[in-house]
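Coordinate-derived values only; no laboratory data. What you see is a predicted model, and the numbers here were worked out from it, not measured in a lab. All Cβ positions, even for glycine, are placed from backbone atoms using ideal geometry, and neighbour counts span all protein chains on display.
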Amino acid sequence: MNLIPATVLSIQSLQSLTTVSFDFQSTVLHMISLQLPEGVVAGRQVTLGIKSSAVTLIKDIKVPTTDANALPAVVSSIGHGELLCTVQCEVNGLLIEVLMSRKAYEGLDLHLHESVILLIKESELFISGVDDV
């Protein structure tokens, strides 16, 4: 699992649905949730979580997407398996792991130190921890 330190920027709720915006090193990330952990308020430091299998890696931002969270990254390491591959990407000094099928990896023709874009659906991002005040 990937962990991302962030600051809560804003929270909007309507009935049982909540949207939250976060600041991650001057990049705004968005999350949709049905329930927030206690203590989540604007200005609070939190740790966001995202499964490695929930991160999409693309090479061209011109690809149409509905994902609001697009992070520029650089490929720092690649692990090859028979069925799955892991790609470690650096985003502003933070490593984020992407898990994909071997077939998807081969179709991307990735190289070390190549610039890529990581896409994270708003519904896949979650708060894994709330920092103490």
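Details
- Selection from Gly93, Ser33, Val74, by position along the positive dipole direction of the chain (Cβ): Ser33
- One decimal place: the segment His113-Leu9 gains 34.3 nm when fully extended, by the rule 0.36 nm per residue minus the C-alpha distance.
- Its Cα gyration tensor gives region 39-116 an equivalent ellipsoid. The semi-axes, each the square root of 5 times an eigenvalue, are 25, 15, 13 Å from largest down.
- Seen from Ser77, the other residues with C-beta closer than 14 Å to its C-beta sum to a net charge of -3, counting Lys and Arg as +1 and Asp and Glu as -1.
- Stokes-Einstein D for the chain, Kirkwood Rh over Cα pairs, 10 °C, 1.306 mPa s (µm²/s): 102 µm²/s
- Neighbour net charge for Met1 - beta-carbon separation under 15 angstrom, K R +1, D E -1: -1
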